[in-house]
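Just below is one structure, and these are the notes that go with it.
The values are calculated or read from the model by the stated rules, or taken from the named source; none is laboratory data. Predicted model only: the values in this text are computed from it and were never measured. Glycine also receives a Cβ, built like all others from the backbone with ideal geometry; neighbour counts cover every protein chain displayed. Ligands, DNA and RNA are excluded from the accessible area calculation, which covers all protein heavy atoms including side chains. Shrake-Rupley method; radii C 1.70, N 1.55, O 1.52, S 1.80 Å.
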Amino acid sequence: MSLWLMIIILFVAGFAAGFLASVAGLASLISYPVLLALGVPPVSANTTNTAALMFTGVGAYISSSNELRSDHKTTWKVAIVALVGGVIGAIILAVSPASSFEKIVPFLIFGAGLLMLWNQYHQPSSKKHNESTLVTVLKYIAIFLVGVYIGYFGASAGLILLSILMTTLNKSYAVTNAIKNFTTFLTNVLSVVVYAFTTKVYWWMVVPMGAGMFLGGYVGPIVVRNVPVRPLKFIVAYAAFGLAIYLFWTTYF
């Protein structure tokens, strides 16, 4: 395969992944397997994918600036808790054997698909209520664990975080999605800093994939504001199941 063809593939995959990341948090359903198909080892595919995802965060941040202004306090609380978890997850990835990483990926992606379907049928109450201390603690523990997951692998982590925030915050989908995008962006940045000193990142692949992710990340929030995303989420959920089955088969058989 020629270099230019690889660059085109990375850019197109990046755009699609960036769009899915900013809409539903499922970038790695596209970008991760594309990197694997291009011959990148699993752990490096994960770290390279995370590095490229930073550009999705930049595009989504620019496009979602109005939504993020609505609640700076909540946004930073969620982001800081996830950041702490992200550092721990990145360190775990750096010291874990690659073989262990390969074996757990199919189950993580399958679980993400289940969470996507669950999210479709879960309707959080629109009534305002005072959150108990226990609920608040549990919410931030869950956000911390998502941060660990982002640092370790991150596929569909945005979806998991979005589900938590939609359940616990009385805000519109557009605002909740913007908080999710900002949080995953900061956590990805911090994770990549750890990766740069502990494991291999294919930086030359980050550039074309990141450029596509920037555009996809910018377009995603615009679509969220104007187009129903429910059908898209169903498609992505079943795509997650298909990818999980494929990776399970290639890993264990």
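Cβ-Cβ distance below 7 Å, separation of 6 or more or different chains: which pairs start in the range 183-196 with a residue that is within 24 Å of Leu165 (Cα to Cα) and end on one that is of a type in the set (Phe, Trp, Tyr)? Hits for this filter: Phe185/Tyr61. If the condition is being of a type in the set (Val, Ile, Thr), closer than 18 Å to Met116 by Cβ and in contact (Cβ under 8 Å) with a residue 60 or more places away in the chain, then the range 152-178 contributes only Ile160.
Exactly one residue out of Thr50, Thr75 is within 16 Å of the chain's Cα centre (by Cα), within 22 Å of Tyr218 (Cβ to Cβ) and surrounded by 17 or more Cβ atoms within 10 Å (Cβ to Cβ): that is Thr50. Name the residues in the range 114-133 that are part of a helix (DSSP H, G or I) and either closer than 24 Å to Val192 by Cα or modelled with pLDDT under 80 (or both), would you? Once the filter is applied, which keeps residues that are part of a helix (DSSP H, G or I) and either closer than 24 Å to Val192 by Cα or modelled with pLDDT under 80 (or both), the range 114-133 yields Leu115, Met116, Trp118, Asn119, Gln120, Tyr121.
Annotation: of all residues in the range 1-18 being open to solvent by 40 Å² or more (accessible area, probe 1.4 Å) and in contact with a helix residue (DSSP H, G or I) (Cβ under 9 Å, 6 or more places away or on another chain), the one that is modelled with the lowest pLDDT is Met1.
Among helices (runs of 4 or more DSSP H) entirely within the range 134-253, having at least 3 residues that are at pLDDT 90 or above singles out 173-198, 203-226.
This table checks each residue for (1) open to solvent by 70 Å² or more (accessible area, probe 1.4 Å); (2) more than 24 Å from Ile104 (Cβ to Cβ).
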| position | (1), (2) |
| --- | --- |
| Trp203 | yes, yes |
| Pro208 | no, yes |
| Gly217 | no, yes |
| Tyr238 | yes, no |
| Tyr252 | yes, no |
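Just give me the residues in the range 55-72 being open to solvent by 70 Å² or more (accessible area, probe 1.4 Å) and either in contact with a strand residue (DSSP E or B) (Cβ under 9 Å, 6 or more places away or on another chain) or not β-branched (Val, Ile, Thr) (or both), in sequence order. Correct list: Phe55, Tyr61, Asn66, Arg69, Ser70, His72. Selection of helices (runs of 4 or more DSSP H) fully inside the range 22-102 by the criterion of at least 1 residues being at negative phi, at pLDDT below 95 and of a type in the set (Asp, Glu) returns 65-68. Looking only at residues in the range 161-189 that are over 20 Å from Phe214 (Cβ atoms) and of a type in the set (Val, Ile, Thr), the one that is most open to solvent (accessible area, probe 1.4 Å) is Thr167.
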